[in-house]
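Heads up, the thing below is written out as structure tokens.
The values are calculated or read from the model by the stated rules, or taken from the named source; none is laboratory data. Here the structure is a predicted model, which means the values were calculated and not measured. Neighbour counts run over all protein chains shown; Cβ positions are idealised from the backbone, glycine included. The area values use the complete protein model at the heavy-atom level, side chains included, leaving out ligands, DNA and RNA. Shrake-Rupley method; radii C 1.70, N 1.55, O 1.52, S 1.80 Å.
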Amino acid sequence: MRTTDAREETLHPGRLVSSIVGGRRPEDAPGGRISSLNPARTGDVVAEVALGDAGTFVEACRAAREAQKEWASVPAPIRSNSIKQIGRLFEANKEPLARLVTREIGKTYTESLGEVQEVIDTCDFFTGEGRRLYGQTVPSEMPDKQLFTFRVPVGVAAVITAGNFPAAVPSWYIIPALACGNAVVWKPAEYSAAIGDAFARILLHGGLPEGVVNVVQCEGPVAFEGLERALEAGLVDKVGFTGSTEVGREVGALCGRHLQSPCLELGGKNPLVVMPDADLDLAVEGALFSGFGTAGQRCTSLGTALVHESVYEGFLNRFARAVGEAPIGDPTQDVLYGPMLGERFAERFEGWLDLVHDHHTLYGSTGTGRITDANPREGFVGEPGAGIYCHPTIVSGVTEDDELFNTETFGPIVNVAGFADLDEAVRLSNAHGYGLSAAIYTRDAENALRFRERNGAGMLSVNNSTSGAEAHVPFGGNGRSGNGSRLSGIWVLDQFTRWQAMNWDYAGKLQKAQMDVIDLPADPDFRLPD
Ligand code: NAD
């Protein structure tokens with residue numbers, strides 16, 4: 001197979017991107033070719049993508065396996081120097097990479113800059129962690145014996161990610177995995193292939209040895225087959241998957257068959273509770289950002305606003321007005337949100353609108369579904385016909401029996417439902433079975449603390465939206481949102497290292513735990529005088 005050096009090219013419009021295996025790019029495309037289009041201007045081809053097949057995935061795992069041992073033997077503080085260099089390269093390339101994020105997936109430029117900043121923050125955090133990666137010294141129950149724990153790399157990590165956070169989420173896996181001494185095989189989403197390629201090239205220029213990071217550009221089911229073969233061949237030690245709950249279940253089942261515990265970061269149906277004492281303007285601002293930012297295509301997007309019946313009308317009126325007035329359109333302009341991530345996301349979104357029934361009332365726009373010249377939105381910024389845009393939709397009168405209440409409707413749609421008291425709000429906030437993030441707006445500390453105790457989400461906000469993460473706090477969900485694994489901060493270290501325990505006996509004789517017991521005689525009949 002002919003290959004070229006992956007470090008050599010420069011990013012230019014309409015360029016060809018391909019997999020990177022052992023630092024080289026295969027020149028063929030056994031999985032076919034696709035075009036990655038700018039969803040804001042579908043005539044703009046961001047990249048032609050040469051796709052790999054299951055064999056490419058296996059080869060990438062093999063290259064990672066070969067490179068990993070040597071990488072693990074580099075002292076962790078030196079490995080983290082590489083992370084530091086990578087962080088500085090992301091900083092130096094922040095604007096071009098953010099422009100590419102906006103161009104390939106349609107995120108507003110402000111959000112794209114934030115996305116790249118999250119990568120930089122992640123690099124900064126793990127630059128420091130390379131000088132820690134602490135183990136422990138632990139007292140033994142026997143004399144002349146010492147116990148120790150060490151974090152050891154897992155080996156080869158295979159990571160599959162969604163494209164709605166095409167740089168931040170991959171960095172949450174790849175950067176700590178590398179800092180911990182693992183090699184990585186990464187499959188970015190097909191609809192963010194060019195961003196994946198640009199991200200990978202920054203990594204390769206940061207001083208990583210060849211084969212330590214490999215990228216497989218391929219379709220999802222192909223990645224599944226490749227992963228299955230790689231697991232069977234013993235080439236993968238850890239799987240990280242961020243994507244839909246449906247695919248996460250399949251990946252989880254595959255890993256289970258191979259006795260692996262994957263890191264699964266899945267969908268959400270995130271509630272935002274508005275208590276009677278809430279600052280309604282603040283709650284509306286939070287609902288607007290988390291419900292419609294990124295066109296509602298975040299895992300932490302607001303699913304249902306749960307509003308106390310005493311402020312239901314007041315909240316709904318303000319929310320509907322805010323959504324009605326929000327600028328929507330060209331993501332390079334100052335808008336609330338731009339296009340859908342791609343055509344399949346718009347098609348799926350239109351399907352979810354079928355879940356709206358007669359007992360619901362719609363607010364928020366001059367139409368529903370696609371924004372087109374024939375179905376316009378008042379005040380649209382730019383040319384609707386040039387891209388894949390959808391109207392924002394608020395659905396009021398939603399109840400827990402509605403499919404809309406229980407389905408992740410990845411797109412610009414927010415439900416509004418009422419409740420009578422905190423107990424009911426808590427019940428409704430858990431009823432859909434997801435557990436990623438949840439928010440409560442209240443001025444009463446007791447409400448906030450009780451909600452925190454009783455809501456099952458991995459991430460809670462008080463007087464802030466359901467969206468937003470920081471590189472040093474645990475990110476992840478429970479229930480239908482994941483298997484309890486956490487990314488970011490020190491918590492992700494448990495995904496990419498395994499604890500190794502060592503005992504060191506210097507007694508000069510065999511000491512047997514639980515058998516060579518040292519008794520400290522006590523007097524069980526002792527009583528203080530009355
Ligand atoms: P998706 O599950 O369709 O795809 C995610 C990734 O998995 C893509 O790279 C895709 O190519 C790949 N894939 C698809 N089918 C596969 C299969 N059978 N085997 C292996 N890989 C496969 O998800 P999507 O529509 O691209 O992304 C949106 C979903 O991701 C939403 O549900 C969203 O909530 C979720 N998400 C979760 C988080 C989180 O951190 N919890 C973050 C971002 C997105």
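Working carefully through the options 476, 458, 418, find the one that is in contact (Cβ under 8 Å) with a residue 60 or more places away in the chain, buried (at least 21 other Cβ atoms within 10 Å of the Cβ) and within 16 Å of the ligand (Cβ to nearest atom).
476
Within the range 209-223, the set of residues being part of a helix (DSSP H, G or I) and in contact with a Lys or Arg (Cβ under 7 Å, 6 or more places away or on another chain) comprises just one member, 223. Scanning the range 487-522 for residues that are open to solvent by less than 50 Å² (accessible area, probe 1.4 Å) and either more than 16 Å from the ligand (Cβ to nearest atom) or touching a Pro at 6+ places or on another chain (Cβ under 7 Å) (or both) yields a total of 9. Condition check: at pLDDT 95 or above, outside any loop (DSSP other than H, G, I, E, B) and in contact with a Lys or Arg (Cβ under 8 Å, 6 or more places away or on another chain). Does residue 350 satisfy that? The answer is yes for residue 350. Total residues in the range 267-279 satisfying the condition of being open to solvent by less than 10 Å² (accessible area, probe 1.4 Å) and either of a type in the set (S, T, N, Q) or free of Cβ contacts under 8 Å to residues at least 60 places away in the same chain (or both): the figure is 1. Evaluation of residue 53 against the conditions (1) touching a Leu at 6+ places or on another chain (Cβ under 8 Å); (2) open to solvent by 40 Å² or more (accessible area, probe 1.4 Å) shows that the sole unmet condition is (1).
So how many residues does the range 369-388 have that are open to solvent by 30 Å² or more (accessible area, probe 1.4 Å), farther than 14 Å from residue 320 by Cβ and either part of a loop (DSSP other than H, G, I, E, B) or out of contact with any helix residue (DSSP H, G or I) (no Cβ under 7 Å at 6 or more places or on another chain) (or both)? Working first, answer last.
So the first thing to find is which residues in the range 369-388 are open to solvent by 30 Å² or more (accessible area, probe 1.4 Å), and the list is 370, 372-376, 378-383, 385.
After this cut, where a residue has to be farther than 14 Å from residue 320 by Cβ as well, the list is 370, 372-376, 379-383, 385.
Adding the requirement that they be either part of a loop (DSSP other than H, G, I, E, B) or out of contact with any helix residue (DSSP H, G or I) (no Cβ under 7 Å at 6 or more places or on another chain) (or both) leaves 372-376, 379-383, 385.
Matching residues across the range 369-388 total 11.
The numbered conditions (1) assigned to a loop (DSSP other than H, G, I, E, B); (2) open to solvent by 30 Å² or more (accessible area, probe 1.4 Å) are all true for residue 300 except (2).
Would you point out which residue out of 313, 265 is within 12 Å of the ligand (Cβ to nearest atom) and of a type in the set (Asp, Glu)? Before the answer, list the steps.
Working: 313 fails: within 12 Å of the ligand (Cβ to nearest atom).
Selected residue: 265, the only one of 313, 265 that is within 12 Å of the ligand (Cβ to nearest atom) and of a type in the set (Asp, Glu).
Yes or no, residue by residue, for (1) of a type in the set (A, V, I, L, M, F, W, C); (2) surrounded by fewer than 19 Cβ atoms within 10 Å (Cβ to Cβ); (3) not assigned by TED's automatic domain parsing to the domain that holds residue 173:
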position	(1), (2), (3)
17	yes, no, yes
29	yes, no, yes
42	no, yes, no
59	no, no, no
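Among the residues making up the range 288-306, those that are closer than 15 Å to residue 425 by Cβ, among the aliphatic types (A, V, I, L, M) and more than 14 Å from the ligand (Cβ to nearest atom) are 305, 306.
Exactly one residue among 288, 282, 227, 264 is open to solvent by less than 10 Å² (accessible area, probe 1.4 Å) and not in a loop (DSSP other than H, G, I, E, B), and that residue is 227. Of all residues in the range 35-46, those that are without any contact (Cβ under 8 Å) to a residue 60 or more places away in the chain have Cβ atoms under 9 Å from Cβ atoms of residues that are β-branched (Val, Ile, Thr) and part of a strand (DSSP E or B), 6 or more apart or on another chain, in 35/45; 35/46; 35/49. The single condition among (1) in the same structural domain as residue 286 (by TED's automatic domain parsing); (2) over 29 Å from residue 169 (Cβ atoms) that residue 505 does not meet is (1). A count restricted to the range 166-208 and to residues that are crowded, with 24+ Cβ neighbours inside 10 Å and in a loop (DSSP other than H, G, I, E, B) stands at 7.
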